[in-house]
1. Please enumerate the residues belonging to the range 136-153 that are part of a loop (DSSP other than H, G, I, E, B) and open to solvent by 50 Å² or more (accessible area, probe 1.4 Å).
2. Of everything in the range 206-228, what is over 23 Å from residue 108 (Cα atoms) and open to solvent by less than 30 Å² (accessible area, probe 1.4 Å)? Give them in sequence order.
3. Do the conditions hold for residue 125, that is, is it modelled with pLDDT under 95, buried (at least 20 other Cβ atoms within 10 Å of the Cβ), closer than 24 Å to residue 59 by Cα and not aliphatic (A, V, I, L, M)?
4. Could you grab me the full set of residues in the range 20-37 that are among the small types (Gly, Ala, Ser) and surrounded by 12 or more Cβ atoms within 10 Å (Cβ to Cβ)?
5. With respect to the numbered conditions (1) in contact with a Ser or Thr (Cβ under 6 Å, 6 or more places away or on another chain); (2) part of a strand (DSSP E or B); (3) of a type in the set (A, V, I, L, M, F, W, C), which one is the sole condition not fulfilled by residue 48?
6. Give the number of residues within the range 154-193 that are surrounded by fewer than 18 Cβ atoms within 10 Å (Cβ to Cβ) and on the phi > 0 side of the Ramachandran plot.
7. Select from the range 8-19 the residues that are touching a residue at least 12 places away in the same chain (Cβ under 8 Å) and not in a loop (DSSP other than H, G, I, E, B) and write down the one among them that is surrounded by the most Cβ atoms within 10 Å (Cβ to Cβ).
8. If I ask for residues that are modelled with pLDDT of 95 or more and of a type in the set (S, T, N, Q), which ones from the range 98-109 would you list?
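The values are calculated or read from the model by the stated rules, or taken from the named source; none is laboratory data. Computed from a predicted model, the values in this text were never measured in an experiment. Note that we place each Cβ from the backbone using ideal geometry, even for glycine, and neighbour counts take in every protein chain shown. When the accessible area is computed, the model is the full protein with side chains, heavy atoms only, and any ligands, DNA or RNA have been set aside. Shrake-Rupley method; radii C 1.70, N 1.55, O 1.52, S 1.80 Å.
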Amino acid sequence: SNSIRCVLDDGIGHVWIATDHSGAFVYTKRDNSIQHLTHSVGDQNSLASDNITCAYKDRMGTIWLGHMKKGISYTNDRYLLFQNRAHQCGDISTMMCDSKGNLWLGTDGNGLYVETTAPGKPEHEDASSIVKTALPDITISSVIERKNGDVWVGTYNEGIYIIHPDKTLTHLNKENGSLPSNSAWRLAEDNNGNVWMCSAFYTITKINPSEGTYESFNKDTGEIVNGMSMYY
């Protein structure tokens, strides 16, 4: 399939290639082989859907795959057998596992959810461990955890929401002057504590949270620098 949504290196010799409606392809570097993973009707250990929107690897090595309409699929210890989860969350657009083991699930139009029970525990099967946050029903594009414990949530066109450890919220947006644009599609924190954001609609921007300031960067010609992905 040429409809590739994202690519993920798992750090142990495999590259995961997630596609739009063709499942996932796992490339093994050692022998140059490719395994095709798909949804199989009636097989609870297959992908929940062949439509994959995002892929994420947590600190424990678990691979998480987000789907439209079908929640998420995640691997067990054998790595290629899957469990399905979070059907009630709607269309998954992004995922992030924080330093406490909580899994954050951003959706396309249904806000932000968080699962506070680590996978593998018996209570993980209790759907009540997945709760909706106080964010409105908006499209979530990116979720990161800063080194200070704040969770920054980038959105399609609603700016950035900051969820502090005490559960209070701060909203950065163009209207209150804290951002130059409300399009925060991708976020990344650098080693100086600055948060960078990008989108297809506005140039790349560096935010200094400690000073409450931001700086935008254009090309030398004055053209904006669009970004669909960002990594530090």
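1. Looking only at the range 136-153, we keep the residues that are part of a loop (DSSP other than H, G, I, E, B), and these are 136-138, 146-150.
Passing the criteria: 136, 137, 147, 148.
2. Residue satisfying the conditions is 207 alone.
3. no
4. Keep residues of the range 20-37 that are among the small types (Gly, Ala, Ser), which gives 22-24, 33.
Selection gives 22, 23, 24.
5. So residue 48 meets the others, but not (2).
6. Counting residues in the range 154-193 that are surrounded by fewer than 18 Cβ atoms within 10 Å (Cβ to Cβ) and on the phi > 0 side of the Ramachandran plot gives 3.
7. Selected residue: 18.
8. Scanning the range 98-109 gives a single hit, 107.
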